[in-house]
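Trainee: Have a look at the structure that comes next, please.
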Amino acid sequence: MQTDNAQKIFIAGQLQRAQDNVDQLIASGAQSVVLDFSACTFISVDGLEWLEEMLLRADSSKAQVRFVSIPPSIYKVFKVARIDSIMRACGAPNTDKHSQSC
Amino acid sequence: MTATTNKEQDQILMERANHYMRQARLAAAVFTQYSQEDVDRIVKAMTQVAIENAPMLAQMAHEETRMGVTEDKILKNLVASEFLYHQIKDKKSVGVIQEFPELNLVEMAEPMGVIFAMSPVTNPTSTVIFKSICAAKTRNSIIFSAHLMAADSSNTAAKMLYEAALAAGAPKGFISWVDKSSRLRRLSELMMTHPEVDLIFATGGTQMVKAAYSSGKPALGVGSGNTPVYVHSSANVPSAAMEIIISKTFDNGTECPSEQTLIIDRAISDEIMAEFKRNGCYICTPDEVKMVADAVIDSRTGGMNYRLVGQPADLILKNAGIDSGSDRPTKVVLCPLEGELRHHPLAVEKLMPVLGYVFVDSVDEGINRSLDINYAGGTGHTAGIFAEDENVIERFTTAINAGRIIVNSPSSIGGLGGVYNHLNTTLSFGCGTGGGNITTDNVGIKNLINFKRVPRRKNFLTTFSTTRNIYINPGSIDQLKTLKCSSAFVITSPTASRRGHLAMVQERLPENCHVEVFSDLGPEPEFETIQRAIVALRKAKADTIIALGGGSVLDAAKLVRLFYDYPDLDLDQIAVSFLDFNHRMQVFPKEMKTQLVAIPTTSGTGSEVTPYSVLKQGKRKISLVDECLLPDVAIIDANLTRSLPQSITVDTAFDALTHGLEALVSTFASDYTDGLALESLRLIFEALPEILKNPQSVLYRHKLHNAATLAGMAIGNASVGINHAMAHAVGARFDIPHGRANAAFLLSTIAYNSRVPTKFVSIPCYPLWIADRKYARAAHFIGLNEKQERQDLSYEKDEAYRIRLITSLAQAIYDLGRLAGIPLSVGELGIDPEVYLESLPELTETAMRDLSLRTNPGYALPTEVAQLFFEALPIRQRPE
């Protein structure tokens, strides 16, 4: 799914592991990817680790990944996890681990 | 490359620490999504595995540490799993965990996050089982750092429980353990201060607990004890002896709540020592005590010799060079501690079956020797008592400083909780500040939760009360004929007597009623005058007080009755100010004994229906407030006001007008008081101009009299505001009649209260500032609204219209004041302006202390009050 110039992908249900469609999109050279979490109900430790690793790959390939429509229960997981790259994808303005955005 | 420097070695350790912390952090994050059902399923699975493996883990712990008794370690593992589960299985630990409907409050659970936990060598597996299950129940991640001598068994327990939890759906990595290595201790130090650690949960030796508390992290650190146990002469001696043996031999004494020194009443000394001996204990001679002390106490530190911790009694005797002379195993080595107990080397914690004892000759001595042990390294931890005498138990528990004081039970297993008593099951014993800890709890799940309190706005109690019987028509004074009283005491002023009112009352009282009169009450009397009236009343022994006069007389009569009925009351105490009527500290009588009939002869204060009494004390006025001050009967007979001079009629009418306006905008205003206040205003604007034209008009006197009473009911429940605070100050300072003083500040009060306050009042019954709307409503109600062609105009929505209405109200008050000839500013009161200006600081201070200020719709700041006093000086101009 495409939104403006960004490729938008919905993360639906439980994010328990890597999402192949996202990985493929980044591998294909997409420059702007939006992950919509509005239908996401749960994130596991593996899911978190994949998000972090995926963002690292995206960063290496100069692709921008943004997280949007994040339910509070999921956003709280991101806040407690304190992963800098994930907070940046949520729109945090800097690398300060305690800064808030979204 | 080989790490050669400490810095390089620390760097490697820090990388390992980061790894442990990262997985714990992610697990903690994921755990926030788990429901109560998820958590309970995980806890159940963990408990099951712990119960199934309790013997194996106990065996492993014993073999690794060479301490304690396998059978007892099995029991500890079961306490940490089965008993703990029984206590927590139905407890809520997710979302709303407790509701307090009566307080409109709920408590919710928030996980603490990442817990760094240390486990001791004495309880290596049971502590890990206990902390793991508690962490799961509270949705926290936990990283274990075991004692080096017990790391294999501790880590095995952690791994077993983690795998069971994982299979039940727990987040990956929520339990982890630091692998055994020679650098384990240094790694633990680094982890204690790691930024990802949210809580340190330390159980173990004093040094380790101290390190936890010094880390700068929130810590639950529970350390060593030194348990005194007092055996009183009322105890069941054979049972006490057996339970002490059970306790002290439990896991060879490794439990820190276990008995360390017995304090025994001499009266039962022979009996109990015989029991100990009969049951296989060895009682040392004084010479042997020194040999035992040399063996079990490290002479360099004064603490116990760690090589003998958890070792059997016979091994300890052997190490001390003592032959028990018995072929059966020794259970406990008992050592009489002679000499100064506080300096005895064995009066310390000994986690082995070595037990000191002393004999005492009284309860006082027993408690004092117990305190000697209690305050020798075990403050806040555990103590025990065997006694059947409840008085002795109470004295002992009052004196001793211990988080758990075990009564008639083994202190070690008793301290664990859940087995012998209903204490929370634990393997971590909080010692409070006595032990340098933050809690005296048997630490458990509630200590691993961040409690979120969600208080809902409390329902503010609003009541409406007034005088029970009110007779309101002209001629209603005839009601006195039916009054039930045998002895009446009339309190009145010389004026009432002159105007014939006193005679009207006396003529109407029942024939057989004895009547005494106190007519010395002038305007605004001091307390001394009231005291004289009380003395006269006591002589009269009346059952009814009749207050006949203006506000001062009625207010004074309320106090006369109060102190007549309750002579022990202290004026200074009942006059203490308060912020909230529902929380004030003063206690007034619930019921009055003497009947109070109030007959107002002016149309102003409304005192006949208020719970107030204003008293002049020197240069200030104090207000007393309580329902017990309400008269029982009010007679509102306008005939008594027909002869009222114009100046008093006007002054008192403006007092009533001020009451209506202040009650309307008060923070305590309600629909009930609003109706009364509005109608009182309407009646005043209707009646006063007519009375000025025809002072004898009963019809308009009646309306004005009713207006004053209605306004009195309004302020009796909604109170007044800044206008009264300022008027009280000026009135007391310059002897200005109350209504006249009120009128001087009326227009400036409306202007001040119509503006959005500089500071809002924080009072729960006033959630929205609406004073400007209330003034506009008053203007609208008394007919100052604009012509009906503008049907769409609404003062609620249209601010400009609202302002016009408020101005109209102020103009109407100005016009009425000018018509009545009442001063509308301080400058018109005849006060010397220079003296007035000099008095401003004093007036401001007095007004700021006035109770009336509490219910003003805006929080009046001292600078604002001072400014209002200042601005009230010039001759008042008609508001534009």
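Trainee: Non-local amide H neighbours of B:V354 (under 5 Å, H modeled in plane, Pro and chain starts lacking H): which ones?
Mentor: For B:V354, the qualifying residues are B:V333.
Trainee: Residues with beta-carbon under 13 Å from that of B:K73, excluding B:K73: net charge, scoring Lys, Arg +1 and Asp, Glu -1?
Mentor: Taking every other residue near B:K73 into account, the sum is -4.
Trainee: Given B:K248/B:K331; B:K180/B:K248; B:K76/B:K318; B:K159/B:K180, which pairs have Cα atoms separated by over 20 Å?
Mentor: As for pairs spanning more than 20 Å Cα to Cα, those are B:K180/B:K248; B:K76/B:K318.
Trainee: Between B:E37 and B:V535, what is 0.36 nm times their sequence separation minus the Cα-Cα distance? Round to one decimal in nm.
Mentor: 171.9 nm
Trainee: For B:K180 and B:N279, what does the FRET efficiency come to when R0 = 41 Å and r is the distance between their Cβ atoms, rounded to the nearest 0.05?
Mentor: The computed FRET efficiency comes out at 0.55.
Trainee: Taking the Cα centre of the protein assembly as shown as the origin and placing charges on Cβ (Lys, Arg +1; Asp, Glu -1), which of B:V178, B:V229, B:I373 is farthest toward the positive end of the dipole?
Mentor: Working it through, the farthest residue towards the positive pole turns out to be B:V178.
Trainee: Can you send over the carbon and sulfur percentage of the accessible area for the range B:526-650, probe radius 1.4 Å, protein chains only?
Mentor: Result for the range B:526-650: 52 percent of the exposed heavy-atom area is carbon or sulfur.
Trainee: What residue among B:L355, B:L699, B:F116 has its Cα farthest toward the positive end of the dipole of the protein assembly as shown, where the charges are +1 on Lys, Arg and -1 on Asp, Glu, each on the Cβ?
Mentor: Projecting each Cα onto the dipole axis, the largest value belongs to B:L699.
Trainee: So, with +1 on the Cβ of K and R and -1 on the Cβ of D and E, and no other charges, what is the size of the charge dipole of the range B:231-282 about its Cα centre, to the nearest 20 debye?
Mentor: Roughly 140 debye for the range B:231-282.
Trainee: Additional query: Using the per-residue mean of other Cβ atoms lying within 10 Å as a proxy for protection, in what order, highest first, do the peptides B:408-419, B:634-645, A:52-63, B:220-231 fall?
Mentor: Taking the mean over residues of other Cβ atoms within 10 Å, the ranking is B:220-231, B:408-419, B:634-645, A:52-63.
Trainee: Once phi is turned into ³J(HN,Hα) by the Karplus curve 6.51 cos²θ - 1.76 cosθ + 1.60 with θ = phi - 60°, what whole-Hz value does each residue of the range A:73-87 show in order, with x for glycine and proline?
Mentor: The phi angles translate into 5, 6, 5, 5, 4, 4, 5, 5, 5, 6, 9, 4, 5, 5, 5 Hz.
Trainee: Can I ask one more? Please enumerate, by chain and number, the aspartates and glutamates with C-alpha under 17 Å from the C-alpha of B:K290, excluding those fewer than 8 residues away in the same chain.
Mentor: Partners within reach: B:D298, B:D314, B:D323, B:E338, B:E340, B:E349.
Trainee: Still on this structure, I have one more. Given Cα pairs under 8 Å that are at least 6 residues apart, what percent is the relative contact order of the range B:227-421?
Mentor: Relative contact order comes out at 32 percent.
Trainee: Using amide H atoms built 1.01 Å from N in the peptide plane, name the residues 5+ places from B:M304, or on other chains, whose amide H lies under 5 Å from its own.
Mentor: Answer set, sorted by chain and number: B:D298.
Trainee: Straight-line reach from B:K759: which aspartates and glutamates fall under 16 Å, measuring Cα to Cα and dropping same-chain residues less than 8 apart?
Mentor: Straight-line reach from B:K759, under 16 Å: B:D772, B:E864.
Trainee: Oh, and also: Specify whether the C-alpha gyration tensor of the protein assembly as shown places it in the rounded, prolate or oblate class, a ≥ b ≥ c being the square roots of the eigenvalues: rounded for a/c under 1.5, otherwise prolate if a/b is larger than b/c and oblate if not.
Mentor: oblate
Trainee: Alpha carbon centre of the range B:408-471 versus the range B:514-560: separation in Å?
Mentor: 52 Å
Trainee: Using the basic label-point model (7 angstrom from Cα toward the beta carbon), what is the B:T863 to B:A503 distance in nanometres?
Mentor: Going by the 7 Å Cα→Cβ label model, 6.1 nm.
Trainee: What lysines could a cross-link reach from A:K8, if we take a straight Cα to Cα line under 25 Å and drop same-chain neighbours fewer than 8 places away?
Mentor: A:K62, A:K76, A:K79
Trainee: State the extension gain, in nm to one decimal, for the chain segment bounded by B:K44 and B:D565, taking 0.36 nm per residue of separation less the distance between their alpha-carbons.
Mentor: 180.9 nm
Trainee: Another question, if that's okay. Output the relative contact order of chain B, whole-number percent, from Cα pairs under 8 angstrom with separation of 6+ residues.
Mentor: Relative contact order comes out at 9 percent.
Trainee: Between A:R17 and B:L819, what is the label-to-label distance in nm when each label sits 7 Å out along the Cα-to-Cβ direction?
Mentor: Between A:R17 and B:L819, the simple spin-label model gives 9.1 nm.
Trainee: Under 5 Å between amide H atoms, partner at least 5 residues away or on a different chain: which partners does B:I200 have, H built in plane at 1.01 Å?
Mentor: B:F116, B:A219, B:L220
Trainee: I want the antiparallel fraction of DSSP beta bridges within the protein assembly as shown, as a percent rounded to 5.
Mentor: Beta bridges within the protein assembly as shown, antiparallel portion: roughly 25 percent.
Trainee: OK, next. Per DSSP helix of 4 or more residues, -39500 (n - 2.57); summed, then divided by the residues of chain A. What does that give at 222 nm, rounded to the nearest 500?
Mentor: Counting only the DSSP helices, I get -11500 deg cm²/dmol.
Trainee: Residue separation times 0.36 nm, minus the C-alpha to C-alpha distance between B:T5 and B:K172: what's the value?
Mentor: 56.6 nm is the gain from fully extending B:T5 to B:K172.
Trainee: Hey, another quick one. Please name which of B:I813, B:C256, B:F201 has its Cα lying farthest along the dipole of chain B towards the positive end, using unit charges on Cβ (Lys, Arg +1; Asp, Glu -1) and the Cα centre as origin.
Mentor: Looking along the dipole axis, the top candidate is B:I813.
Trainee: Return the distance in nm (one decimal) between the two label points of a simple spin-label model at B:D543 and B:V419, each offset 7 Å from Cα along Cα→Cβ.
Mentor: About 7.2 nm separates the two model spin labels.
Trainee: Against the longest principal axis of chain B, how steep is helix B:286-296, in degrees 0 to 90 to the nearest 10, with axes from Cα atoms?
Mentor: Once rounded, the angle reads 90 degrees.
Trainee: What do you reckon, how do B:Y306, B:Y282 stack up by accessible area (1.4 Å probe), largest on top?
Mentor: Final ranking, largest accessible area leading: B:Y306, B:Y282.
Trainee: Hey, another quick one. How high is the FRET efficiency from B:N18 to B:T206, r the C-beta distance, R0 35 Å, rounded to 0.05?
Mentor: Calculated value: 0.75.
Trainee: Report the accessible surface area buried between chains B and A, summing both sides, using a 1.4 Å probe on protein heavy atoms only, in Å² rounded to the nearest 100.
Mentor: For B against A, buried area totals roughly 1300 Å².
Trainee: When Lys and Arg each count +1 and Asp and Glu each count -1, what net charge do the other residues less than 13 Å away from B:F359, Cβ to Cβ, add up to?
Mentor: Net charge in that neighbourhood comes out at -4.
Trainee: Need one value for B:17-30: mean number of C-beta atoms belonging to other chains within 10 Å of its residues' C-beta atoms.
Mentor: Mean shielding count: 4.
Trainee: While we're looking at this one, here's another question. Which whole-Hz couplings ³J(HN,Hα) result when phi for each residue of the range B:336-342 is put into the Karplus expression 6.51 cos²θ - 1.76 cosθ + 1.60, θ = phi - 60°, listed in order with x for Gly and Pro?
Mentor: Each residue's phi maps through the Karplus curve to give x, 9, 8, x, 5, 4, 4 Hz.
Trainee: Determine the sum of side-chain charges near B:H19: Lys and Arg each +1, Asp and Glu each -1, restricted to other residues whose C-beta is under 12 angstrom from that of B:H19.
Mentor: Once positives and negatives cancel, what remains is 0.
Trainee: Also, I was wondering about something else. Can you say what percent of the DSSP beta bridges in chain B, counting only those with both residues inside, are antiparallel? Round to 5.
Mentor: Within chain B, antiparallel bridges account for around 25 percent of the total.
Trainee: Right, another one. Assuming 1.306 mPa s and 10 °C, estimate D for the range B:323-388 with Stokes-Einstein, Rh taken as the Kirkwood radius over Cα pairs, in µm²/s.
Mentor: Reported coefficient: 117 µm²/s.
Trainee: Karplus couplings for the range B:707-724 from phi (6.51 cos²θ - 1.76 cosθ + 1.60, θ = phi - 60°), rounded to Hz, Gly and Pro as x?
Mentor: So the Karplus estimates, Gly and Pro as x, are 4, 5, 5, 4, 5, x, 4, 5, 6, x, 10, 9, 6, 10, x, 5, 4, 5 Hz.
Trainee: Also, I was wondering about something else. What does the charge dipole of the range B:227-421 about its Cα centre add up to, to the nearest 20 debye, if the Cβ of each Lys and Arg holds +1 and the Cβ of each Asp and Glu holds -1?
Mentor: Approximately 560 debye in magnitude.
Trainee: Which value, in debye to the nearest 20, gives the size of the charge dipole of the range B:645-880 about its Cα centre, when Lys and Arg are +1 and Asp and Glu are -1 at the Cβ?
Mentor: So the magnitude is around 460 debye.
Trainee: Calculate, for A:S73 and B:D152, the FRET efficiency according to 1/(1 + (r/R0)^6) with r their C-beta to C-beta distance and R0 30 Å; round to the nearest 0.05.
Mentor: E(calc), rounded to 0.05, equals 0.15.
The values are calculated or read from the model by the stated rules, or taken from the named source; none is laboratory data. Model, not experiment: these values are computed from the prediction. Neighbour counts are summed over all protein chains in view; Cβ atoms, including those assigned to glycine, are modelled from backbone coordinates with ideal geometry. Each accessible area value is taken on the protein alone, full model and side chains, heavy atoms only, with ligands, DNA and RNA left out. Shrake-Rupley method; radii C 1.70, N 1.55, O 1.52, S 1.80 Å.
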